[in-house]
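Step one of this worksheet: look at the structure below.
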Protein chains: 2
Amino acid sequence: MTAPVGWEAIRAEVLRRIRVRDWAPGAVIPSETDLAQEFGCARATVNRALRDLAQAGVLERRRRAGTRVALHPVRRATLDIPVIRAEVEARGQAHAFRVLKHVTALPPPPVAARLGIAPAAPLRHILTLHLADGRPFLVEERWLNPAVLPDPAPDFAAMSVNEWLVMNVPYTSGDIAFSAEAAGAVEARALGIDAGAAVFVTDRTTWTDGMPITAVRLVHVPGYRLHTSL
Amino acid sequence: MTAPVGWEAIRAEVLRRIRVRDWAPGAVIPSETDLAQEFGCARATVNRALRDLAQAGVLERRRRAGTRVALHPVRRATLDIPVIRAEVEARGQAHAFRVLKHVTALPPPPVAARLGIAPAAPLRHILTLHLADGRPFLVEERWLNPAVLPDPAPDFAAMSVNEWLVMNVPYTSGDIAFSAEAAGAVEARALGIDAGAAVFVTDRTTWTDGMPITAVRLVHVPGYRLHTSL
DNA sequence: GGGGCTATTATGTACAGACATATTACGATC
DNA sequence: GATCGTAATATGTCTGTACATAATAGCCCC
C-alpha cells in the first residue's frame, strides 16, 4: 500500500477505514503519534486530518481519552444563506422589491422576547415584497432596532434593509429556524396565493455584541425548496 | 494595545477590525507575513485564524491575490441532522415507531431519477410512523436499494431502517432539501391531522461510492421547527 | 473501601523554517 | 498592440520540536 501523502489523503484513508468498519463506531482509533509513524508524516499533518473529520462530526476527540469514531454520526450539513437579491440573481432572474409598509411600532411580545428587549421599546416595522422576474418570490417582515440606524436614516426604498444591514452592520451572530405554516391573509394577498396555502417560513434573529439588531420572518412562495449538501 | 495571543484571539481581532470597518468589505487585508509580524507570532498561527474565517464565509482567500473581506458575506449555518430516535429523545420524550407498510415495488420516476437508477429496478418501499411519547411525530417514507441489504434481511420491526443504515452503511454522502407542503391523505391520516395542513418536509437522498442507497421523505407534524445557529 | 494526590498520556496549540502552487504583474517579443 | 514567457508574491502545506492542557489511571494514605 502506498502511504497517503498530504492531509487530505490521510483524511480519506481514515474515512475509508471507518467505512469498511476497520474502525467501528464507538471504537478508539490509534493516537496521532502512532498514525503519524504509520503514514510516515509529521503529527501535525495527522492532526489536521483528524481535526477536520472531528469538525465534520465523524470523529469525537477528547484530550487524554483519545479519538473515537462517532457513535451517533450526526450528519452535519452546511447551508449558505445568501442575501435575497443574490439568491434570486443566482437563478438567473431579475430581482426587485417593493416596500409595502414602513412604520414605527411596538413589537408583539414574542418578537420582543426573541430579541431580548423591553416590549415597550418601539421598533421599525417593515414589510417588503421581493420579486423574481416580476413575480412574487417572498414576503419579508422585519422588526428593526432603530438604535443601529444612523441619524439621517438610509433610504430603504433604494436599497433593501437586508442589504443595507449586510453592508453596514456586518458579521453579526444570530439564529435561524425553519418551519412550514399556513399562509396568513396579508402574506397570501402579497404573494398572490390562497390564504392557508402551505408556505416555507424562515425566522431569523440577529445580534451584534449582545445588542439586538433585527428579527426577520421570510414567507416564501409555495414550491420553494431550501437545498443543502452533506 | 496588547497583542492577541493564540489563534482564536487573532481571529477575534481580525473580526473586530472587519466589524468596525477598519477593513471594509471587498478590501484586501495585510498578508499573513505582515500580520504575523504585527501580532508577534508565527505565520502558521495567523494562517489558522484566517483559514477559519474563510471557512466561515467572512474572508475570501486566493493564492497570490491575497485575502479580502467577503463582499457578499453568505451566512453559513451548520445544522445537525440527528437520527430520528436521538432527536426525539433529546427532547426528553420516548421514541417508538410503527412500520405501516413494507413492500417491494417500482419507484415512481422522480424517485428513480433522484437516485440515478433505472425506473424498472424494484426497491424496498417502507412507510414508518415515528412517535414521540406515543403521539405522532413524523411519517417516514423510504425507498431503499435492496443491494445494500445482507442476504437474511435485517428485521426492520426491531430496529428502524434509519438506525440500521447508520450502523451498517455509515458515512455516506448525499443531499437534503427542505420544503413546505400540504399534507397528503395518507400522511394526514397517519399523523392524525387534516389533509391539506401545512407540513414541514425533508427530502434526503444518499449514496455511498456512487451507489444509491436510499431516498427518504420525512413529513413532520405541524408545528415542527428546524433550528440552527449562525 | 473511599478520598484525594500525582504521574501519565493524547490532544491542542505554537513556532521557525522550508518547499509547493496558483496567480498576478511585468517585460520581452512578434 | 497583442501574446507569450518569466519573475515575484501570497497562500497552502509539511516538518520537527516544544510546551500547554485536560482527563484518565494508578497510587498512597486514611
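What the table below lists for this structure:
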quantity: Exclusive hit being among the acidic types (Asp, Glu), open to solvent by less than 70 Å² (accessible area, probe 1.4 Å) and within 30 Å of A:Arg51 (Cα to Cα), set B:Asp52, B:Asp34; calculated: B:Asp52
quantity: Count - residues of region A:217-230 that are at the interface with chain B (Cβ under 8 Å from one of its Cβ atoms) and either buried (at least 21 other Cβ atoms within 10 Å of the Cβ) or assigned to a strand (DSSP E or B) (or both); calculated: 6
quantity: Long-range neighbours under 7 Å by Cβ, at least six apart or interchain, first residue of a type in the set (Phe, Trp, Tyr) within region B:28-50, second open to solvent by less than 40 Å² (accessible area, probe 1.4 Å); calculated: B:Phe39/B:Pro4; B:Phe39/B:Ile10; B:Phe39/B:Val46
quantity: Residue selected from region A:6-23 under the condition more than 30 Å from the chain's Cα centre (by Cα) and not β-branched (Val, Ile, Thr), by the criterion nearest to DNA strand D (Cβ to nearest atom); calculated: A:Gly6
quantity: Only listed residue being among the polar types (S, T, N, Q), away from DNA strand D (no atom under 12 Å from the Cβ) and away from chain B (no Cβ under 14 Å), chosen from A:Thr78, A:Thr67; calculated: A:Thr67
quantity: Qualifying helices (runs of 4 or more DSSP H) (wholly inside region A:1-113; at least 2 residues being within 14 Å of DNA strand C (Cβ to nearest atom) and more than 28 Å from B:Ala70 (Cβ to Cβ)); calculated: A:7-19, A:32-39, A:43-55
quantity: Among residues of region A:187-209, those that are more than 10 Å from every other protein chain (Cβ to nearest Cβ) and free of Cβ contacts under 8 Å to residues at least 24 places away in the same chain, counted; calculated: 4
quantity: Checking B:Glu140 against (1) open to solvent by 10 Å² or more (accessible area, probe 1.4 Å); (2) at pLDDT 95 or above, the condition it does not meet; calculated: (1)
quantity: Pick from region A:81-93, criterion without any contact (Cβ under 8 Å) to a residue 40 or more places away in the chain and farther than 26 Å from B:Arg48 by Cα, ranking: farthest from the other protein chains (Cβ to nearest Cβ); calculated: A:Gly92
quantity: Residue tally, condition more than 12 Å from DNA strand D (Cβ to nearest atom) and within 12 Å of chain A (Cβ to nearest Cβ), over region B:24-64; calculated: 6
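Every residue, every condition in (1) over 30 Å from A:Glu140 (Cβ atoms); (2) at pLDDT below 95; (3) of a type in the set (A, V, I, L, M), yes or no:
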residue	(1), (2), (3)
A:Arg11	yes, no, no
A:Pro25	yes, yes, no
A:Ala44	yes, no, yes
A:Leu50	yes, no, yes
A:Glu87	no, yes, no
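Results for (1) loosely packed, with under 14 Cβ neighbours inside 10 Å; (2) of a type in the set (Val, Ile, Thr); (3) touching a Phe, Trp or Tyr at 6+ places or on another chain (Cβ under 6 Å); (4) within 13 Å of chain B (Cβ to nearest Cβ), shown as yes or no for each residue.
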| site | (1), (2), (3), (4) |
| --- | --- |
| A:Ala113 | yes, no, no, no |
| A:Pro152 | yes, no, no, no |
| A:Pro170 | no, no, no, yes |
| A:Ala182 | no, no, no, yes |
| A:Met211 | no, no, no, yes |
| A:Ala215 | no, no, yes, no |
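The values are calculated or read from the model by the stated rules, or taken from the named source; none is laboratory data. Since the model is a prediction, treat every value here as computed from it, not as a measurement. Every residue, glycine among them, receives a Cβ derived from its backbone with ideal geometry; neighbour counts consider all protein chains shown. Quick note on the areas: whole protein, heavy atoms, side chains included, nothing else; ligands and nucleic acids left out. Shrake-Rupley method; radii C 1.70, N 1.55, O 1.52, S 1.80 Å.
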